[in-house]
Amino acid sequence: MSSTVLTLSSRNYGAWALRGWLMAKWAKLPFKEHIVSPDDPAMRAEIMLLSSSMRVPALQHQGIHVWDTLAIGEYLNEIKPKAGLLPADLAARAHCRAICGEMHSGFSALRSSLPMNIKAHFPKFKIWSRAQADIDRITDIWRECLATYGGPYLFGKQPCMADAMYAPVVTRFLTYDVKLDAVCKGYVKTMMALPSMQEWVAGAALEPDEIEMLEAEF
């Protein structure tokens, strides 16, 4: 059994946990999961403070402890370079890092007004202007990447770190009935069809219908 441990939070609400988990899956790194209780402060911090730098997710591998989702992605790329978490081409790799960094540190209006909640669905959800500006920027990124690298993923024929970073946004767009053009709808469909995404969504469905503290906050 693997001695590698990936610490995670809620599948339904844990956007940063999803990012780290997808990257570990796509890197084909065998790992055990350690699920943090909903009552744990680290989980509340990750989900409610919307921080990318809490203890969840965290990777323990061969005596090395890595936290923060971008750091996990960079580490996985170093130990599993053939997995393609970062593009091989220098210019594409720089572009990938730039849009990953933009997600890592930005889009606060989207995070706060459209929190990740995979099991929920809010048809005709009213989106305020600042959140819409974030949505417009994200869809611009998607269209640019898909046009530049040919799709079906942001940097070509296989999912990479950028797709993991934007995966929770894909679920948010479905949850809140965000209107998208045909190109972005196609990307959402492609992402949701991934076996790894389907596995995560299935896990979210098994969680309690309501985590009172989170539902009250959101």
Segment 13-25 residues that are under 16 Å from I79 (Cα atoms) and touching a residue at least 12 places away in the same chain (Cβ under 8 Å), paired with ones that are of a type in the set (D, E) and in a helix (DSSP H, G or I) (beta carbon under 7 Å, 6 or more apart): none
Condition check for M23: among the hydrophobic types (A, V, I, L, M, F, W, C), part of a helix (DSSP H, G or I), modelled with pLDDT of 95 or more and crowded, with 21+ Cβ neighbours inside 10 Å: yes
Selection status of S129, of a type in the set (S, T, N, Q), closer than 20 Å to M103 by Cα and surrounded by fewer than 20 Cβ atoms within 10 Å (Cβ to Cβ): yes
Selection count where residues are free of Cβ contacts under 8 Å to residues at least 40 places away in the same chain, among the aliphatic types (A, V, I, L, M) and touching a helix residue (DSSP H, G or I) at 6+ places or on another chain (Cβ under 9 Å), scope segment 150-200: 5
Subset of segment 96-137 [within 20 Å of G73 (Cβ to Cβ) and not in a loop (DSSP other than H, G, I, E, B)]: C96, R97, A98, I99, C100, G101, E102, M103, H104, S105, R111
Scope segment 56-83; condition polar (S, T, N, Q) and in a strand (DSSP E or B); matching residues: Q60
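The values are calculated or read from the model by the stated rules, or taken from the named source; none is laboratory data. No experiment lies behind these values; they were computed from the predicted model shown. Neighbour counts run over all protein chains shown; Cβ positions are idealised from the backbone, glycine included.
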